[in-house]
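The values are calculated or read from the model by the stated rules, or taken from the named source; none is laboratory data. Since we're looking at a predicted model, the values are computed, not measured. Here the Cβ is made from the backbone with ideal geometry for all residues, glycine too, and neighbour counts use every protein chain on show.
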Amino acid sequence: MPTVGKTLVCGAIGLGMLAVSGASASAYIACSGNTCWHTSERHEYPSHARIVIHEDNWKWGRHYRFREHEGRGYWHGGRWTAW
């Protein structure tokens, strides 16, 4: 196979792998009032928690603050509530 052909095949394989890896990675921003955190899953939060889910590319304003936490749960009144 000529060098140009090998280059094109390798390029196509690389682009295909990049497309698959990008499609499988998803992230969300969950907010409770003005407190937000990143989550990798779109959880079904309890209705009383009043959580709003945004896509990862959401443009947040200055009045929001981020507080990260491991695990499944949500911020409520300054406390992390796990479930």
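Points to keep in mind about this one:
- Scanning region 55-83 for residues that are surrounded by 11 or more Cβ atoms within 10 Å (Cβ to Cβ) and farther than 17 Å from TYR28 by Cα yields HIS76, TRP80, THR81.
- Verdict on ARG42 being more than 14 Å from GLY73 (Cβ to Cβ), surrounded by 12 or more Cβ atoms within 10 Å (Cβ to Cβ) and not acidic (Asp, Glu): yes
- Residue within region 46-54 that is loosely packed, with under 10 Cβ neighbours inside 10 Å, modelled with pLDDT of 90 or more and closer than 18 Å to ALA82 by Cα present: yes
- Of residues in region 64-83 being assigned to a strand (DSSP E or B), touching a strand residue (DSSP E or B) at 6+ places or on another chain (Cβ under 7 Å) and of a type outside the set (Val, Ile, Thr), the one modelled with the lowest pLDDT: HIS76
- Evaluating LEU8 against the criteria (1) outside any loop (DSSP other than H, G, I, E, B); (2) modelled with pLDDT of 90 or more leaves one unmet condition, (2).
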